[in-house]
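Okay, so here's the structure we're looking at.
The values are calculated or read from the model by the stated rules, or taken from the named source; none is laboratory data. Nothing here was measured: the structure is a model prediction, and the numbers come from that model. All Cβ positions, glycine included, derive from the backbone under ideal geometry; neighbour counts span all protein chains shown. All accessible areas refer to the heavy atoms of the entire protein, side chains included, with ligands and DNA or RNA removed. Shrake-Rupley method; radii C 1.70, N 1.55, O 1.52, S 1.80 Å.
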Amino acid sequence: MQKIKTTPKRIGVFDSGAGGLSVLKSLIDSQSFEEIIYYGDTARVPYGNRSQKVIVQYSLEALEFFKTEHIDLLIVACNTVSAYGLEAMQKVSSCPVIGVIKPGILALENAIKDKDSKILILGTKATIKSNLYQTLLQKQGYHNLSALATSLFVPLVEEGIFEGEILDITMHYYFKDYPNNPDAIILGCTHFPLIAKSIAKYFNNKPLLIHSGDCIMQYLQKEYPLKPIPNPTKITFFASDDLKRLKETAKLWLNQP
Ligand code: DGL
């Protein structure tokens with residue numbers, strides 16, 4: 001992975017849409033960055049049902065967007081892009097590009113030492129199909145793995161449904177054949193942290209939930225000499241469609257003025 005020597009002050013966050021706000025929240029809460037430029041490809045979300053070729057193409061186009069933003073570091077909040085587009089982006093980017101999957105694996109390794117633990121990976125169709133989480137976890141010795149594409153959670157979260165009957169039915173639909181309580185669940189999609197409470201409740205609040213935003217912060221704190229900043233982080237939003245809606249969602253999800 002590329003590395004810069006200085007502390008990243010002005011960083012970019014890219015997601016297929018509004019979901020990356022869940023990662024943005026962790027970055028804001030860390031009070032480590034002077035400026036964050038958020039770009040959501042709201043015109044073309046969701047990426048999770050698309051082919052590898054299209055996801056790579058969209059990822060490179062997003063990189064083009066950030067070219068004029070003079071950022072020190074780009075965070076790919078989207079798990080789907082992290083699974084398919086990251087390498088292509090890293091090859092041509094002038095600044096480091098960090099995805100959420102590797103930090104997620106490292107965070108799980110730190111938290112779950114028993115390699116026999118039952119780990120459930122949730123993600124979009126594309127992320128689960130990429131097999132990346134599964135392969136990386138197997139490499140680390142975890143073998144009790146299950147992976148489920150739970151794509152319907154994405155539109156529910158977009159709709160502002162974080163709990164209740166429809167979500168319960170959807171969770172039952174996806175989880176009914178899952179035999180045991182998992183020890184850990186990887187929330188391998190930007191939208192899933194918003195329904196983390198409901199997912200945890202479904203599994204009797206037993207499993208440890210791995211959230212991309214927390215993982216990326218743990219990773220950045222290890223990789224870079226981050227220092228607390230005196231002023232609140234300045235955030236600028238960009239969207240490929242309906243910027244107003246993205247800003248409204250941000251207000252709601254981030255509790256920001
Ligand atoms: N941001 C995507 C992810 O984390 C979820 C939404 C989509 O399918 O684009 O995988």
| said: Is the C-alpha gyration tensor of region 60-125 telling us rounded, prolate or oblate? Criteria: a/c under 1.5 is rounded; beyond that, a/b larger than b/c is prolate, otherwise oblate. | reply: prolate
| request: Starting from the Cα-Cα distance between Ile166 and Ala196, subtract it from 0.36 nm times their residue separation and give me the gain in nm to one decimal. | output: 9.3 nm
| remark: Expected unfolding gain across Arg44-Asn144 under the 0.36 nm per residue rule, minus the alpha-carbon gap, is 32.5 nm
| request: Return a whole-number percent for the relative contact order of region 57-118, with Cα pairs under 8 Å and 6 or more residues apart as the contact set. | output: 34 percent
| task | Quick one: compute the contact order of region 1-84, relative version, from alpha carbon pairs under 8 angstrom and 6+ residues apart, as a percent. | result | 44 percent
| Using the Karplus equation 6.51 cos²θ - 1.76 cosθ + 1.60 (θ = phi - 60°), what ³J(HN,Hα) coupling, rounded to whole Hz, does each residue of region 8-15 give in order, writing x for Gly and Pro? | x, 10, 10, 10, x, 10, 10, 9
| note | Summing -39500 (n - 2.57) over every DSSP H run of at least 4 residues in the chain and dividing by its residue count gives a helix-only mean residue ellipticity at 222 nm, to the nearest 500 deg cm²/dmol, of -12000 deg cm²/dmol
| field | 21 Å Cα-Cα reach of Lys91 towards lysines, excluding residues that sit fewer than 8 places from it in its own chain | value | Lys3, Lys5, Lys53, Lys67, Lys102
| What does the charge count near Met89 come to, summing +1 for each Lys or Arg and -1 for each Asp or Glu among other residues with Cβ under 11 Å from its Cβ? | -2
| remark: With a 1.4 angstrom probe the carbon and sulfur portion of accessible area for region 62-121, in percent, totals 50 percent
| note | Lys and Arg at +1, Asp and Glu at -1: neighbours of Asp183 with Cβ under 14 Å from its Cβ sum to +1
| Relative contact order of the chain: what whole-number percent is it, with Cα pairs under 8 angstrom and at least 6 residues apart? | 29 percent
| Could you give the angle, 0 to 90 degrees to the nearest 10, between helix 243-254's Cα long axis and the longest principal axis of the Cα atoms of the chain? | 60 degrees
| Once phi is turned into ³J(HN,Hα) by the Karplus curve 6.51 cos²θ - 1.76 cosθ + 1.60 with θ = phi - 60°, what whole-Hz value does each residue of region 50-60 show in order, with x for glycine and proline? | 9, 7, 4, 4, 5, 4, 5, 4, 5, 5, 5
| said: If I fit a long axis through the Cα atoms of helix 212-223 and take the longest principal axis of the Cα atoms of the chain, what angle between them do I get, 0 to 90°, rounded to 10? | reply: 50 degrees
| Once the Cα atoms of helix 165-175 and of the chain are each reduced to a long axis, what angle between those two axes, in degrees from 0 to 90 to the nearest 10, is obtained? | 70 degrees
